[in-house]
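This report refers to the structure that appears directly beneath it.
The values are calculated or read from the model by the stated rules, or taken from the named source; none is laboratory data. Everything numeric here is computed off the predicted structure, so don't read it as measured data. Glycine gets a Cβ as well: all are built from the backbone with ideal geometry, and neighbour counts include every protein chain shown.
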């Protein structure tokens, strides 16, 4: 049986000036949490939006393969894609404060998904919405259904977004930095909730984050993105134990580990910023910030395999 | 990377845009007509010749080559009156804008700069001004005090300052809170110095855009008032007055109202095109 | 919300009071009203008689407070020319003006909202540019001239519509279109801008991620939010239209309030002039309050 989501050599660009994603490949299996990590601007969100075909106007996507449950998503037209979205594949976003429509009640926004995809009656949809609100830990769901988004806190709104995404029992949930905009305590709650739901419902989840702490706690597999490319991909334990790509190594040095980190020892950081990648850019995107870089890094970079299921994109030997 | 940061090529803006240039050419031509009207007119725009009434313009059969755009109901040369009318329109448009600009900018900057009670008063003045029906009040003033150019300019100037005030107020508020203004305060500049050296130069571009649009509005209003018989006093050839005087003949000779109307429409359009171009050029906001 | 409404009411009252004062001052600008009412051939005795009859011999402040006091009870004085109560005159003429204004607004909304939506959906295309061009052309169009052109074309040459009068609904078609023309540019631009902003918002991305139909995304989710400023401006535009109808009533010989005002100005009938100014201003202020209320209905964030 094919994987839940397979992405091969995905490229995304906006206009003719920038290419946001260049040749990203990743696979999400049923029931696993695949984390996509990287710093802001590396193309994580764009990858997710491209998978859902939700790119803003002027954005285009190309891929060798983009399949969901074995079906080719590239062949689907807008309507076909709309039938899948919110139904078999759902997405939640980084900005809970603005992602709900301010003009409609929570209930109205939740029920319309089920009514649209499953043809459910308003009553059945309302019941399901109330059940799901309770499931994501919202007390007094009946009251919340009648409220408007501005009457809810950010954490509550994100819970509503999650419940809304679950309305049609999706197979795949794409969560784009779902906790970034929230308070730290709320972050932990939402994260625990997502992990729980993923386990209980057997969801395949693509979780986008820049927070390695989150990755360590919930991920089955990790793909590290840099400048529009997946530079390293491995099972979580493997990646944390034996990072191969200099960028991954740098990223891990930036995470303080309680107990191991000495008080007087400075925390690691990676100098420089993500370069702007124009079409026609060649070689390793990290070379200007990499301590190991030499002249050969300006040319095509080989993909190497450190261990089965652990690939990375660098000329350095394993 | 957020998907919202997409690059939109979009239509060309500012001086790269054809419409800005069209606007500039129209406005430039109108300015030449206005300034050099006495040199440009082929005939005396006030000279009547009752033997040559309602001569048709050049594109119709039986035209008189001496009168390219024909003559009006009193036999006055239409082209000459049109050029002279442009002078009147531009004169009124610019002077009204100067008057309304002085009032509106003063009020708006004061409100935006000082805030508090002063700003409340300014907002109240703007609200009151907006609730007054402009055409009606202008007509009433001119109707009661008699038609004269000076009176017309003062009346319109006293009525049309609202957009200046709104834009001056909001832009001043924005500028007031910027760092370089804070720096000027800290450097010990007086209120007057901060206002004249820091605030005004930084809101000027917005006000220039408003001014262009106000010139267009004033020209339209003058034409409207003249059309209603309470604007520019005859026999001055205002375009609105030309349309009013020609109205009785329009069913038989439609060109008598078409010619001044097209002139008015083109000039106002040209000024608006130029104003839009300047707005894009300056990146100014003028929505009220 | 209640607090907000009270504040608005107080401001509205103050605006009305200011306009009253201005309207009074306005009509006293010409100096001696009695002389101008009596006309050029009047004798000194005639002028004195008029001054007495209309109470113009009293101190100006007394006249002012008398007018204000009466206006508060709905008595706007008597017309010199028509020899009837001003309030009756205005009440008689108001239906024509209101019909004209509402017709104009309805036409304007029916044209500008679809145009604005389509232009926003096709942002940057030649259709969008065409719509923006039409808005620019509309802005530059002198309404009285457009009225005359329509009269020549549809009234005389095609003979489809009556040129003047208020006999049937057809009489309101051309004036309504002309009046609508003055509001269409602003409303179209606002709808377009609102839709573009809404379509780029996060909640529209959510709606798309939910797999909703294009119609639902556009008309339910985007338009509802884009409509909020449009509704507010539409109410205010109606106020401007009623004020601007004086020109169109004149062109099409519609005997509404604007026409009344024009006649009264020509005849120095100052009680009518100051009353019409006041009534139009009060209507405008009331409409802005209606706009605020409609905003509160449309935007749940304003309801508390």
Answer yes if at least one residue in region C:175-186 is within 9 Å of another protein chain (Cβ to nearest Cβ), modelled with pLDDT of 85 or more and assigned to a helix (DSSP H, G or I), and no otherwise. no
Only residues that are crowded, with 21+ Cβ neighbours inside 10 Å and in contact with a helix residue (DSSP H, G or I) (Cβ under 9 Å, 6 or more places away or on another chain): list them for region C:151-171, please. C:151
In region A:73-125, which residues are facing chain C (nearest Cβ under 7 Å) and at positive phi? A:86
Condition met for residue A:215 (at pLDDT 90 or above, crowded, with 18+ Cβ neighbours inside 10 Å, outside any loop (DSSP other than H, G, I, E, B) and touching a strand residue (DSSP E or B) at 6+ places or on another chain (Cβ under 9 Å)): no
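Conditions (1) touching a strand residue (DSSP E or B) at 6+ places or on another chain (Cβ under 7 Å); (2) more than 11 Å from chain B (Cβ to nearest Cβ); (3) buried (at least 20 other Cβ atoms within 10 Å of the Cβ); (4) more than 30 Å from residue C:35 (Cα to Cα), marked per residue:
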residue	(1), (2), (3), (4)
C:214	no, yes, no, yes
C:221	no, yes, yes, yes
C:224	no, yes, no, yes
C:243	no, no, yes, no
C:271	yes, yes, yes, no
C:278	no, no, yes, no
C:285	no, no, yes, yes
C:298	no, yes, no, yes
Going residue by residue through region B:265-281, is there one that turns out to be more than 8 Å from chain C (Cβ to nearest Cβ), out of contact with any helix residue (DSSP H, G or I) (no Cβ under 8 Å at 6 or more places or on another chain) and surrounded by fewer than 24 Cβ atoms within 10 Å (Cβ to Cβ)? no
Anything in region B:133-187 that is in contact with a helix residue (DSSP H, G or I) (Cβ under 6 Å, 6 or more places away or on another chain), within 14 Å of another protein chain (Cβ to nearest Cβ) and either under 15 Å from residue B:201 (Cα atoms) or not in a helix (DSSP H, G or I) (or both)? List them, or say none. B:133, B:160
Subset of region A:79-97 [assigned to a helix (DSSP H, G or I) and either surrounded by 14 or more Cβ atoms within 10 Å (Cβ to Cβ) or in contact (Cβ under 8 Å) with a residue 12 or more places away in the chain (or both)]: A:81, A:82, A:83, A:84
Kindly list, by first and then second residue, each pair from a residue in region A:263-282 that is surrounded by fewer than 11 Cβ atoms within 10 Å (Cβ to Cβ) to a residue that is in a loop (DSSP other than H, G, I, E, B) and at pLDDT below 70, limited to pairs with Cβ atoms under 8 Å and residues at least 6 apart or on different chains. A:267/A:261
Return the residues of region A:1-58 that are out of contact with any helix residue (DSSP H, G or I) (no Cβ under 9 Å at 6 or more places or on another chain), more than 12 Å from every other protein chain (Cβ to nearest Cβ) and more than 22 Å from residue A:284 (Cα to Cα); say none if nothing qualifies. A:1, A:2, A:3, A:4, A:6, A:27, A:28, A:29, A:30, A:34
From (1) at pLDDT 85 or above; (2) more than 11 Å from every other protein chain (Cβ to nearest Cβ); (3) surrounded by 17 or more Cβ atoms within 10 Å (Cβ to Cβ), pick out the condition that doesn't hold for residue B:261. (2)
Just to check your reading of the model, which residue among B:233, B:237 is farther than 30 Å from residue B:168 by Cα and surrounded by 19 or more Cβ atoms within 10 Å (Cβ to Cβ)? B:237
For region A:59-66, state whether one or more residues are within 14 Å of chain C (Cβ to nearest Cβ), free of Cβ contacts under 8 Å to residues at least 60 places away in the same chain and within 30 Å of residue C:227 (Cα to Cα). yes
Residue match in region C:79-91 (condition: within 14 Å of chain B (Cβ to nearest Cβ) and surrounded by fewer than 17 Cβ atoms within 10 Å (Cβ to Cβ)): yes
